[in-house]
Structures are given as structure tokens and as C-alpha cells.
Number of protein chains: 2
Amino acid sequence: MNEQPRGTRPGRITIRDVAADAGVSVAAVSKVLRNAYGVSPALRQNVLTSIEKLGYRPSTAARGMRGRTFTIGVVLVEMGNPFLPDVIAGISDACGADGYKVLIGLGQAQLTLEESLLDSMIDHGMDGLILVAPRMSGETLEAYARQTPLVVIAHHEPSPNAYDTVNSDDAAGAQMVVAELVAAGHSDIAMISLLVADDNSQTHVSVAREKGYLKAMGDAGLEPSARILRMTGDKDLRQAQMRSFLSAPDRPTAVFCWSDLFAIELIGLARSSGMNLPSDLSVIGYDNSPPATMPLIELTSVDQNARGLGGAAATALLSRIAGRTNPQRLMLKPTLAHRTSHGPA
Amino acid sequence: MNEQPRGTRPGRITIRDVAADAGVSVAAVSKVLRNAYGVSPALRQNVLTSIEKLGYRPSTAARGMRGRTFTIGVVLVEMGNPFLPDVIAGISDACGADGYKVLIGLGQAQLTLEESLLDSMIDHGMDGLILVAPRMSGETLEAYARQTPLVVIAHHEPSPNAYDTVNSDDAAGAQMVVAELVAAGHSDIAMISLLVADDNSQTHVSVAREKGYLKAMGDAGLEPSARILRMTGDKDLRQAQMRSFLSAPDRPTAVFCWSDLFAIELIGLARSSGMNLPSDLSVIGYDNSPPATMPLIELTSVDQNARGLGGAAATALLSRIAGRTNPQRLMLKPTLAHRTSHGPA
DNA sequence: CTGAAAGCGCTTACAG
DNA sequence: CTGAAAGCGCTTACAG
């Protein structure tokens, strides 16, 4: 539907212009650009001056055809999660230091779109990819990893082959929460988790948190009262589930929510139904996201060090781009941010 | 620090492989790929079959060198704003229909990074760019617009030359809010806005909302009591400002907040200081973002139709890529989402 | 240390 | 309708 030719803009300064201006060969300019071997300081200075003077910027497309693009792609499933900005910031910081640029693709919660995005990024010649909480299968991930350096964040694949995983130690985070509540005198502690429907649910962070919760409850001798309520991603349905949970006769004295989002919702519903928090109910969340610090919320929450996750993933990816092939499974320790949403039993 | 050559992966299927498999020329394959003129249905079918069979995908980098990349770049200043996901969704939908992919860059609130991102996207050969709430000057925008098709969302540039602007009618939104509050019997209505420090503050959406507020107050004969409090972006400082606003003797009966984020914070602070809402204070926000619907918040808020903004911007960009050069200034009508955060005076 | 030449995978006039 | 050839702007062996 659009016929006007575009291609390289007419005015674009190319490596040839720089070479001509500096009175050297195109190859020499390329070497200076890449900090490659065998250029005299004089020539280098010459070229640098011309680059500056002409405002030259290499075409990523052209570079991508033979060398690298100095760009890495980050694929997000959705943008709503408040911990994503910090992950991205961590990635950007670590990449920027090496001259890499970060471009983001959004999966929009559609598996096909997510995969077509990966294809597209590979087609763009990106030097490597970081996926955050992907939903695809382990085989699909392996297949992509054979095509490009790949690192996955927030996805507990037990034994990746051709790619790396970077996770917060979600089980440890859950254990910290239970320990905190037990220390405060609670013995009836429930967990509200996420109902994950797809086939790869076992790799979801919520499952790792559930395991940590169960382990900690067992360790504290509270196994009999341990219970996990998996609630839906649909907001309206979920609020109905929460209301009935709150009004049930066997309501616990404390709740560990797999995410801040759920925890904040629960707090709102509890208060609006006349409950007094934290005296009637202690709530602890996960993510230590900005809304956790809101007045009237003041949510105690596990901080998974989102920035650290991003940084570690970027570092891993860069080393993979540099040639490493053995898979790494990185695990960062979470911490607990104490606020006033929980109290003594 | 990394020496391993990469370039095009060894296994990559190229247009040449497809041509060989289909028994036609490379040029023929290229034409089929682009739906270009002059290919017989038979040849086309042949080529399509081979493409399918070999799993061929054209290299964006190579295409970018001569034609287009079928990729558009979206630059966001930050990711925190809850209305961004819908904007992106709107863009993606509109672009996807035309076979375009969307790649996102994040400015991280640094002007230089923002501009280097634009450079990088242009270097990537992206066919066009959409900027959301950029902070750069009008001249800088014009300069970029000379290099690539450009559309700007949520930025009130009075007379763009080489690019298009797509905005919600922020003044109208503010007027709707005031009208709603006046109808409910309020006459002492303050506005809490954002303190914008940089040189291009006049183009910020908050300023357009302020103008609408002042206009509506004047129209209602409430000019004497109109007042705008511009609060800082720094969270802690802002909360202090809000507290003193709430405890001041001349506290109004209703507040219009320039964003949901501010409104929700204000509600939390008001409640935690013992006020009863909405009887003690009516609050209306702007963005109609997900948190506005939270229990205990139930914030009445202006919906700027984020998805529509994204869609309109994408459509504009596509028509620009197709050759249009006259500037467009699009303005979408907002609507008011009624909830219970405001009541009679 | 320096440069000429081939080639990356496409698209685009241009012939046939 | 079809294809051979040039060229997009780089990088990479390879000579000199």
C-alpha cells in the first residue's frame, strides 16, 4: 500500500565519506570503528576527527550483515508488572557499559506473537536475546538458543542446555516470609498464589514460591495448617475469590501473597469489608514494588533485586556473545523489606 | 573484549537457497516476498512452497540496506506510567495489520540516552518512529523528523512542521472534571498538578490540563477560588507537600489531580490522616489506569483512550511512511469514568 | 601499518 | 512474466 522507495536516506554519511575526508581507505575507517588491530595512532586520530566532523554514524543494518549489531533484544510478556522497569534498568546499565543498545519487544500475552517477536529480533541481527518470564516450552527455548545467544530471567527451567537462566531464589524468599510470620507468633498462615494454566506452569516463579512456602511451613511444624489458594489472573473473578476467602470461617491470621498486586488487592478488600489491618490479618507480598510503599498499604514484601537480575542476565549474555557455551543457572538472594502490613498474631 | 566472529549464522537460509529450491531467480523470490508486480501465480506458488518448506525468513538487516525493514520504533521516556501498555497495544494492533513489527526503546529519563536511542533506531533502519511524551525540544524533534518519519504522542507542540502529534484533548478532559464537580455542588475545587522543570514544559500534558481547569473554573464563575498546586516528581517530597495541603485550614472540598498516581497517593494520605472520603474530600484523577479500580480507591478518572492514541499514531506513521509529508495534529476526545471517589459537596 | 577486493543478503532498475 | 547485474554500507581475510 505504500510505494515510495526509501532505502538509505539520500543524505546519509557513509564510511566512504569518512574515508575520503580522512584520506584513508574504507578498511582503515572500519578498523578504527571497531577498535581493531593495526591502526597507527595518527591514522586513528585522523579518522576520528573526520567522523566527528561529518557526524558519521555507522549503519547498524550494514554492520549486521557481516559483523555484529551491538544491540540486544529483551522480550517481555507484558508490561504491567511493576518489577520490570528495574529489570530493564539493570540490563541497560550493564549493556551500556559495553556499548550495547537494548531494544524491547512486547509479547502482549500471546504465545505466537511472542515467538514471532523472537524471530523478528533474530532477523534484525541482534547479537543476543534476554527473555523475561517467557511462557514457551523448554524445547522452544532450546531451539531459539541454537539460533542466538539467549538468557532467560524469572523462569525456573531445571536444566537448560544452550542458554542461561537468572532467577531470584524464590523458594528462599517464601521461606523468609514464613519465618517472619512464625517469629511474630502466627501459626495459621495461608498462601495466595497464581493459577497457572499452561503446560509449562512448573517453571513459573509462583510455583517456586509455593515450594518454599510448603517447605518452611513443614520446617516450622505447621504442615497441617498449610494451604495454598491459587487464584485466577482475571481481576473480577479473583476479587470474588478473595472476598469469599476473607469471609470464610477458617480465615487464617496471616497471608503470604505470591505478588504485591494480589496483596494490595487483598488489603483493599479486607479493609473495605471492615477488617482492621494488621490486627485482623497480616499480609506479606512479593516484589517490593512502588505501590507497596503507598500510604495505607505499607506492605511488607520480598525484594527480589530486580535490577540485580537484569544486570546478571546482561553480563551472562555478553559473555555468551563473547563465546561461552556452557549453561549457567544463576540465583540471586532476595531480601525482605519490612513495613507495617503484618504484625503479631 | 569479544573476538568470536558471528555475522550471519552459518545455517541461515537465504533468498538464494529459496531461489535454487524453487528453480527461479533470486529477483523472482524477492518480488514474491514484497508482493511486487509481475510474478505469475504459478511462480509465486512455487516460491511460496519453497519458503514454507525451507522455513525461510528474510534478513531484516539486508532488507534494511536497500528497502524497508517493516519495523517501527517506539521510544518511551519511562515505563512506570500505567497508561503506556495500552498505548503500545494500540500501536501494535494497528501496525501488525500492515505486517509491521514494533520495537521499543526506553529513555530511562535521561535526555542524552533518549536521543542516542533515536539515533540507534534510525541506524537500525527502522521505517519510522513514535515517541511518547518526549522531553526534547521542538527543534530537536524537527531535526529527527527530517531523518525519519516521526509521530509524537502526548506532547502538545503548537505547530509541528515535519512530524505529526497525537494527543488526548487534555483541556477538555479537565473541563469535564470541573463540570462534574460543579454539578455535584462543589465550588472550592483545587487542582494538583506536576511541577515540570525543563525548558519544554509548555508542551507537557499537565499544562494543557491546567489550562482546561482554569478555563472551566472561569466559565463556572469560580475563578476566584481556582488554584493550582504543582507538586514534585519526587515521591517523599511530594507526600510531604500533600500532607500539608490536606492539613491546611483552607483545604478545598474537591481536588482534581493531573494523574491517577497523584490522586491515589492523595486518597491514601487523606484516609490515613483520619479523613472520610468522599464526604470530607472529593478526588478525581486522570488516566483511568488499572489501580483506579482498586477496592478502597474507586477513583473517578478521565480516560484518555490510550489504545486509541496508539492506534491513531500508528496509522499516521504508516501514512507518513507511505509518503505523506504535511503535518497532522490529531486530538482525541477523553471520557470520564465515574466511580465513588467523589460525591456531593 | 595500510588498502584493494570480495562478500554479507537483500532490492532495484534494466534487459530480454 | 522473468532474470542477470549492480549496489546498499559495512567487515574480513588477504596482500603489500
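Tally the residues that are in contact with a strand residue (DSSP E or B) (Cβ under 6 Å, 6 or more places away or on another chain), over 18 Å from A:A133 (Cβ atoms) and assigned to a helix (DSSP H, G or I), restricting the search to the range A:93-117. Qualifying residue count for the region: 1. A single entry from B:S282, B:S193 fulfils the requirement of being closer than 26 Å to A:L277 by Cβ, in the same structural domain as B:L299 (by TED's automatic domain parsing) and either surrounded by fewer than 19 Cβ atoms within 10 Å (Cβ to Cβ) or out of contact with any Pro (no Cβ under 7 Å at 6 or more places or on another chain) (or both): B:S282.
To keep it simple, each residue is scored yes or no on (1) within 12 Å of DNA strand D (Cβ to nearest atom); (2) of a type in the set (A, V, I, L, M).
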| position | (1), (2) |
| --- | --- |
| B:Y37 | yes, no |
| B:S40 | yes, no |
| B:L54 | no, yes |
| B:E78 | no, no |
| B:F83 | no, no |
| B:V87 | no, yes |
| B:A97 | no, yes |
| B:V102 | no, yes |
| B:G107 | no, no |
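Just a yes or no: is a residue in the range A:62-74 under 17 Å from the mean Cα position of the chain (by Cα), under 22 Å from B:C95 (Cβ atoms) and facing another protein chain (nearest Cβ under 7 Å)? There is no residue in the range A:62-74 that is under 17 Å from the mean Cα position of the chain (by Cα), under 22 Å from B:C95 (Cβ atoms) and facing another protein chain (nearest Cβ under 7 Å).
Give the residues of the range B:122-143 that are within 12 Å of another protein chain (Cβ to nearest Cβ) and more than 19 Å from B:G310 (Cα to Cα), sorted by residue number.
We begin by selecting, within the range B:122-143, every residue within 12 Å of another protein chain (Cβ to nearest Cβ); these are B:122-128, B:143.
Within the range B:122-143, B:I122, B:D123, B:H124, B:G125, B:A143 meet the criteria.
Suppose the filter is crowded, with 20+ Cβ neighbours inside 10 Å and more than 13 Å from the chain's Cα centre (by Cα); does A:Q175 pass it? The answer is yes for A:Q175.
Taking the criterion of being crowded, with 20+ Cβ neighbours inside 10 Å and either near DNA strand D (Cβ under 6 Å from one of its atoms) or more than 13 Å from A:I122 (Cα to Cα) (or both), the residues of the range A:60-69 that qualify are A:T60, A:R63.
Examine the range B:4-20 for a residue that is near DNA strand D (Cβ under 10 Å from one of its atoms), modelled with pLDDT of 90 or more and of a type in the set (S, T, N, Q), and state whether such a residue exists. No, because not a single residue in the range B:4-20 is near DNA strand D (Cβ under 10 Å from one of its atoms), modelled with pLDDT of 90 or more and of a type in the set (S, T, N, Q). If you take the residues in the range B:33-43 that are within 14 Å of DNA strand C (Cβ to nearest atom) and not small (G, A, S), which one is surrounded by the fewest Cβ atoms within 10 Å (Cβ to Cβ)? This residue is B:Y37. Restricting B:V87, B:V102 to those that are in the same structural domain as B:G311 (by TED's automatic domain parsing), under 28 Å from B:D199 (Cβ atoms) and at pLDDT 90 or above reduces the list to B:V87. Figure legend. Inter-residue proximity from the range B:32-45: first residues at pLDDT below 90, second residues within 8 Å of DNA strand D (Cβ to nearest atom) and assigned to a helix (DSSP H, G or I), beta-carbon distance below 7 Å, spacing 6+ or different chains. Indicated pairs: B:G38/B:K31; B:V39/B:A28; B:V39/B:K31. For the range A:285-317, the set of residues classified as within 12 Å of another protein chain (Cβ to nearest Cβ) and out of contact with any helix residue (DSSP H, G or I) (no Cβ under 7 Å at 6 or more places or on another chain) consists of A:P290, A:T293, A:E298, A:L317, listed by residue number.
Scoring B:N81 on the criteria (1) more than 30 Å from B:F256 (Cβ to Cβ); (2) within 14 Å of chain A (Cβ to nearest Cβ); (3) among the polar types (S, T, N, Q) leaves a single failure, condition (1). Of all residues assigned to the range B:58-72, at least one qualifies as being at pLDDT 90 or above, closer than 30 Å to B:S206 by Cα and not in a loop (DSSP other than H, G, I, E, B). For the range B:90-112: of the residues being surrounded by fewer than 19 Cβ atoms within 10 Å (Cβ to Cβ) and aliphatic (A, V, I, L, M), which is farthest from the chain's Cα centre (by Cα)? Checked the range B:90-112; the qualifying residue farthest from the chain's Cα centre (by Cα) is B:A97.
Just a yes or no: is a residue in the range A:281-294 β-branched (V, I, T) and assigned to a helix (DSSP H, G or I)?
Restricting attention to the range A:281-294, the residues satisfying the condition of being β-branched (V, I, T) are A:283-284, A:293.
From what is left, the residues that are assigned to a helix (DSSP H, G or I) are A:293.
There is at least one residue in the range A:281-294 that is β-branched (V, I, T) and assigned to a helix (DSSP H, G or I).
Filtering B:A28, B:A36 for residues that are more than 11 Å from chain A (Cβ to nearest Cβ) and over 30 Å from A:F70 (Cβ atoms) leaves a single hit, B:A28. Which condition number in (1) more than 16 Å from DNA strand C (Cβ to nearest atom); (2) more than 10 Å from every other protein chain (Cβ to nearest Cβ) is the one that B:K53 fails? If we test B:K53 against (1) more than 16 Å from DNA strand C (Cβ to nearest atom); (2) more than 10 Å from every other protein chain (Cβ to nearest Cβ), just (1) comes out false. Those helices (runs of 4 or more DSSP H) of the range B:128-223 in which 3 or more residues are farther than 19 Å from B:R329 by Cβ and in contact (Cβ under 8 Å) with a residue 12 or more places away in the chain occupy B:170-183, B:205-219.
With respect to being within 12 Å of DNA strand C (Cβ to nearest atom), surrounded by 20 or more Cβ atoms within 10 Å (Cβ to Cβ) and more than 38 Å from the chain's Cα centre (by Cα), A:V24 falls outside the description.
Give the range A:318-339 a look and list any residue that's within 11 Å of another protein chain (Cβ to nearest Cβ), of a type outside the set (K, R) and touching a residue at least 12 places away in the same chain (Cβ under 8 Å), or say none.
To start, the set of residues in the range A:318-339 that are within 11 Å of another protein chain (Cβ to nearest Cβ) comprises A:318-325.
Imposing the further condition that a residue be of a type outside the set (K, R) reduces the set to A:318-319, A:321-323, A:325.
Result: A:L318, A:I321, A:T325.
The values are calculated or read from the model by the stated rules, or taken from the named source; none is laboratory data. These figures come from a predicted structure and were not determined experimentally. So basically every Cβ, Gly included, is an ideal-geometry build from the backbone, and we count neighbours across all protein chains shown.
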